[in-house]
Amino acid sequence: MPESRTFLMGKHPAELPGDLRYCKNHMWCRPGPAGVHRFGFTAYAVRLMQDVYFLEWRIDPGLVTAKQEIGYIETQKATSGLYAPLPGRITAFNAALLEDPGTINVDEYGRGWLFEFAGDLADTLDVDAYYAHLEAGWEATQRILKAEVNKAGDDD
């Protein structure tokens, strides 16, 4: 099993467990028995979103295509769509998150999981490849974050 990694977002660490698979849309995947896998947001995504306030699923469990909108999320930063990371079948959503979406903020790799999924994981990344993906995009992400902070200051 690969070693866990820590990606530093400025002074803030984003833990990346080595036993998980990762998607470029910042979801983790915990491969499961019988080909049913659990997905959730990485610590990197949770740090960028900051506080999750609201979550809603727009589909019922069933077949999905890659990048199909499956729901939306409201956070301290924005309201945005949630998209399937891979083609396959969503077998279940984490119903407890509808009652308390803030669980994502405090336990993203545990009780904060989003959905269970059956499908091919060939297009997922191991922890080292995901870390390299974060490194490659971090400079652009910082520019976006700085622009948002400056824009917020202009609104005051």
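Here the spin labels are modelled as points 7 Å beyond Cα on the Cα-Cβ line, and at Ala66 and Ala132 they lie 1.8 nm apart. If I fit a long axis through the Cα atoms of helix 127-155 and take the longest principal axis of the Cα atoms of the chain, what angle between them do I get, 0 to 90°, rounded to 10? Between the helix axis and the principal axis of the chain, the angle is about 40 degrees.
On a full-extension model of 0.36 nm per residue, what is the gain between Glu56 and Asp107, subtracting their alpha-carbon distance, rounded to one decimal in nm? Could the numbers behind the result be given before it?
Numbers: separation 51, 0.36 × 51 = 18.36 nm, distance 1.85 nm.
In short, 16.5 nm is gained.
Once you charge only the Cβ atoms, +1 for Lys and Arg and -1 for Asp and Glu, what is the size of the charge dipole of the chain about its Cα centre, to the nearest 20 debye? Could the numbers behind the result be given before it?
Details: 15 positive and 23 negative charges, 51 e Å.
Rounded to the nearest 20 debye, it is 240 debye.
For the residue pair Ala95 and Ala118, what label-to-label distance in nm results when each label sits 7 Å from Cα along the Cα-to-beta-carbon direction? About 1.9 nm separates the two model spin labels.
Values in this text are rule-based calculations from the coordinates and carry no lab data. These figures come from a predicted structure and were not determined experimentally. Quick reminder, even Gly has a Cβ in these numbers, built from the backbone with ideal geometry, and neighbours come from all protein chains shown.
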